[in-house]
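The values are calculated or read from the model by the stated rules, or taken from the named source; none is laboratory data. Here the structure is a predicted model, which means the values were calculated and not measured. Quick reminder, even Gly has a Cβ in these numbers, built from the backbone with ideal geometry, and neighbours come from all protein chains shown. The protein model used for the area step is the full one, side chains on, heavy atoms only, and it has no ligands, DNA or RNA in it. Shrake-Rupley method; radii C 1.70, N 1.55, O 1.52, S 1.80 Å.
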Amino acid sequence: MGKMFLEHPGGTRLYSCAKCSTVLTNRANLLSTRFTGSTGRAFLFKKVVNLAMSEKQDRVMLTGRHIVRDVSCKKCKSRVGWMYEYATEEQQRYKEGKVILERALIAEINGIEEI
């Protein structure tokens, strides 16, 4: 097995894996805090790094049928949410390519002020 390389999104407010603290995204990528996952509150992000993805799955959710992939932390393999691949309903297509991170499975931490 080769060396694992992790990306860092930068920023002053970061979201990381709650289990191992690997940085996943930053506040600038946050699109909405008005989602619900299996553990409760969930956030929609436009870009998330350091993820491993499952195979595509067809799921019927509260907002309709979607093709999704579960996403896990690249370092510790803990599930942190899912990614929308495809939405069958036109009004839900804005989610395609976006990632949901479940609030209970991530931590919000301070980043470094960029100069």
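For this structure, a couple of remarks:
- Mean sequence separation of contacting Cα pairs (under 8 Å, at least six apart), scaled by the length of the chain, corresponds to a relative contact order of 29 percent.
- Length-normalised contact order for the range 40-99 - Cα pairs under 8 Å, 6+ apart - percent: 30
- For the range 28-68: accessible area per residue (Å², 1.4 Å): 62
- Along the chain, the longest continuous region that contains none of the GluC sites (Glu not before Pro) in a DSSP loop with at most 16 other C-beta atoms within 10 Å is 8-54.
- Working from label points 7 Å from Cα in the Cα-to-Cβ sense, the Val49 to Glu89 distance is 3.5 nm.
- Cα-based Lys pair tally, the chain, threshold under 16 Å, eight or more apart or on separate chains: 13
- In this structure, the amide hydrogen of Tyr86, modeled 1.01 Å from its nitrogen in the peptide plane, lies closer than 5 angstrom to those of Ile67, counting only residues at least 5 positions away or on a different chain.
- Look at (i) 35.3, 86; (ii) 14.1, 45; (iii) 18.7, 59: the one that is Rg and Dmax of the Cα atoms in Å derived from this structure is (ii).
- Net +/- balance of residues flanking Tyr94 in space, Cβ distance below 14 Å, scoring K and R +1, D and E -1: +1
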